[in-house]
Amino acid sequence: MADIKVPVFSESVSEGTLLAWHKKPGDAVKRGEVLAEIETDKVVLEVTALQDGVLVSTAKNEGDTVLSEEVLGVVGDAGSAPAPAAPQETVSGPIANEVSAGGTATQPDSAELGNEATRRDDLSPAVRKVVVENGLNPAQIPATGPKGNITKADALGAVGQQAAPAQTAQAPAQAVTPAAVIPAGARPEQRVPMTRIRQRISERLKDVQNTAALLTTFNEVNMQPAMDLRKKYQDQFVAKHGVKLGFMSLFVRAATEALKAFPVINASVEGKDIIYHGFYDIGIAVASDRGLVVPILRDTDQMSLAGIEKAIGGYAQKAKSGKLTLEDMSGGTFSITNGGTFGSMMSTPIINAPQSAILGMHNIIERPIAQNGQVVIAPMMYIALSYDHRIIDGKEAVQFLVMIKNLLEDPARMLLEL
């Protein structure tokens with residue numbers, strides 16, 4: 001017999017929530033197989049089997065609060081008989097019915113749907129939990145995620161739109177009604193508890209507003225030189241590095257050079273002290289089904305453009321599948337967020353404490369500008385720097401943003417370190 005224990009949390013995490021069990025008592029398990037998922041206020045942790053055998057019993061239900069190294073259940077040898085499982089909460093959501101060829105309403109095979117949800121690696125843990133608990137078919141859920149993925153809101157919406165209660169077996173096939181439609185004039189509401197991560201995001205953002213003296217300065221960048229550079233070398237870049245050259249790597253490089261020139265923007269406040277960091281760890285804000293997460297690119301002054309693009313792509317995949325770790329998001333001296341991917345024209349981003357500044361990118365729009373005494377159409381982007389005015393003066397913030405503008409409008413200077 002071997003206890004299944006909650007992983008050791010970091011010092012900043014006191015407890016978590018058992019998000020989902022992937023096995024039930026009596027199921028065979030293999031060493032290294034994921035048995036359960038635990039959501040903390042930062043990441044979703046996987047609990048894996050330490051040996052081959054059978055899940056004998058579970059001590060915690062989905063939704064229960066768990067502590068570091070607390071026992072979740074027991075795995076025994078293959079011949080072990082499962083003990084009575086802890087009572088599971090009943091699923092209150094409606095279960096969709098199917099109609100057989102003969103017109104008889106039948107329950108869908110929930111095990112089959114559960115297996116389908118488990119097989120799909122594009123479902124986040126939160127979405128998979130809703131799908132499995134409510135017997136949904138992922139293939140039939142309209143997806144509205146940024147990359148065509150199913151969001152938690154999509155899954156919850158599918159629960160609300162499931163079919164009306166099953167017709168009796170004696171009812172003729174033509175009497176079966178379609179999925180329930182919300183009556184005209186109805187004012188439906190749905191109360192959904194915040195996830196731990198969403199609660200933590202809310203607390204941190206409000207703390208920043210209450211503590212820091214936030215101010216934002218703006219500028220605009222002519223993205224034509226960067227676009228020309230990318231177009232000219234894209235094929236060669238992909239052939240050599242196996243990844244596309246995007247704008248984010250250029251912004252990371254420009255930000256790194258600007259941070260070197262203005263070290264206070266790379267600093268943080270601790271009590272009455274200013275901590276100047278002699279390294280450049282830049283957080284990249286990534287939208288996920290579970291909320292905004294900010295994985296960290298470490299030592300960006302030592303990273304190539306290809307290395308930056310590969311690291312960002314890897315983090316995006318991990319965020320999509322809920323695999324980001326505490327280590328991925330710990331630390332950071334500066335952050336960049338790109339609202340332009342969603343069509344944002346301009347925003348005032350909030351700094352990621354204890355950092356003192358954050359750079360906001362926005363969408364690229366062709367606009368008329370004056371250039372060499374002529375009116376020309378150019379692809380322009382507004383950029384914003386939000387900063388803590390307690391330690392960063394307006395002069396430094398403006399000059400920092402102007403330096404980024406100049407580097408992006410003449411990328412050769414940046415790449416040649418001029």
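So residue 254 clears everything in (1) modelled with pLDDT of 95 or more; (2) assigned to a loop (DSSP other than H, G, I, E, B) except one condition, right? Which one?
(2)
Does residue 229 satisfy the criteria of being open to solvent by 30 Å² or more (accessible area, probe 1.4 Å) and among the aliphatic types (A, V, I, L, M)?
yes
Which count do you get for residues in the range 291-320 that are of a type in the set (Gly, Ala, Ser), open to solvent by 30 Å² or more (accessible area, probe 1.4 Å) and not in a helix (DSSP H, G or I)?
The qualifying residues number 1.
Being in a loop (DSSP other than H, G, I, E, B) and either at positive phi or surrounded by 20 or more Cβ atoms within 10 Å (Cβ to Cβ) (or both) is the filter here; which residues of the range 23-40 pass it?
26, 32, 40
Taking only pairs six or more apart or across chains, which ones have beta-carbon atoms under 8 Å, a first residue in the range 248-275 that is of a type in the set (Ser, Thr, Tyr), and a second residue that is part of a loop (DSSP other than H, G, I, E, B)?
256/280; 268/277; 268/333; 268/354; 268/356
Could you figure out which of (1) within 20 Å of residue 412 (Cβ to Cβ); (2) surrounded by 17 or more Cβ atoms within 10 Å (Cβ to Cβ) isn't true of residue 288?
Result: residue 288 passes all but (1).
State yes or no: is residue 260 open to solvent by 30 Å² or more (accessible area, probe 1.4 Å) and in a loop (DSSP other than H, G, I, E, B)?
No.
Kindly provide the set of residues from the range 329-353 that are farther than 19 Å from residue 148 by Cβ and without any contact (Cβ under 8 Å) to a residue 40 or more places away in the chain, ordered by number.
Those that are farther than 19 Å from residue 148 by Cβ and without any contact (Cβ under 8 Å) to a residue 40 or more places away in the chain: 339, 344, 345, 347.
Run down 268, 249 and say which single residue is polar (S, T, N, Q), buried (at least 17 other Cβ atoms within 10 Å of the Cβ) and touching a Ser or Thr at 6+ places or on another chain (Cβ under 6 Å).
That would be 268, the only listed residue that is polar (S, T, N, Q), buried (at least 17 other Cβ atoms within 10 Å of the Cβ) and touching a Ser or Thr at 6+ places or on another chain (Cβ under 6 Å).
If you go through the range 359-394, how many residues are over 17 Å from residue 225 (Cα atoms), in a strand (DSSP E or B) and open to solvent by 40 Å² or more (accessible area, probe 1.4 Å)?
2
Quickly run through the range 1-22 and pick out the residues that are of a type in the set (A, V, I, L, M), open to solvent by 20 Å² or more (accessible area, probe 1.4 Å) and more than 26 Å from the chain's Cα centre (by Cα).
Scanning the range 1-22 gives 1, 2.
Just checking, does the range 350-358 include any residue being of a type in the set (Ser, Thr, Tyr), within 16 Å of residue 252 (Cα to Cα) and assigned to a loop (DSSP other than H, G, I, E, B)?
The answer is no, given that none of the residues of the range 350-358 is of a type in the set (Ser, Thr, Tyr), within 16 Å of residue 252 (Cα to Cα) and assigned to a loop (DSSP other than H, G, I, E, B).
Which of the residues that make up the range 204-230 are in a helix (DSSP H, G or I) and touching a residue at least 24 places away in the same chain (Cβ under 8 Å)? Show your work before the answer.
Of the residues in the range 204-230, the ones in a helix (DSSP H, G or I) are 204-211, 224-230.
Answer for the range 204-230, where residues must be in a helix (DSSP H, G or I) and touching a residue at least 24 places away in the same chain (Cβ under 8 Å): 204, 205, 207, 208, 209, 211, 224, 225, 226, 227, 229.
Any residue in the range 143-165 that is over 30 Å from residue 292 (Cα atoms) and either surrounded by 13 or more Cβ atoms within 10 Å (Cβ to Cβ) or modelled with pLDDT of 80 or more (or both)?
Keep residues of the range 143-165 that are over 30 Å from residue 292 (Cα atoms), which gives 163-165.
Retained after the next criterion (residues that are either surrounded by 13 or more Cβ atoms within 10 Å (Cβ to Cβ) or modelled with pLDDT of 80 or more (or both)): 163-164.
Scanning the range 143-165, I find at least one residue that is over 30 Å from residue 292 (Cα atoms) and either surrounded by 13 or more Cβ atoms within 10 Å (Cβ to Cβ) or modelled with pLDDT of 80 or more (or both), so the answer is yes.
The values are calculated or read from the model by the stated rules, or taken from the named source; none is laboratory data. Since the model is a prediction, treat every value here as computed from it, not as a measurement. Glycine gets a Cβ as well: all are built from the backbone with ideal geometry, and neighbour counts include every protein chain shown. To get the accessible areas, we keep the full protein, side chains included, count just its heavy atoms, and leave off ligands, DNA and RNA. Shrake-Rupley method; radii C 1.70, N 1.55, O 1.52, S 1.80 Å.
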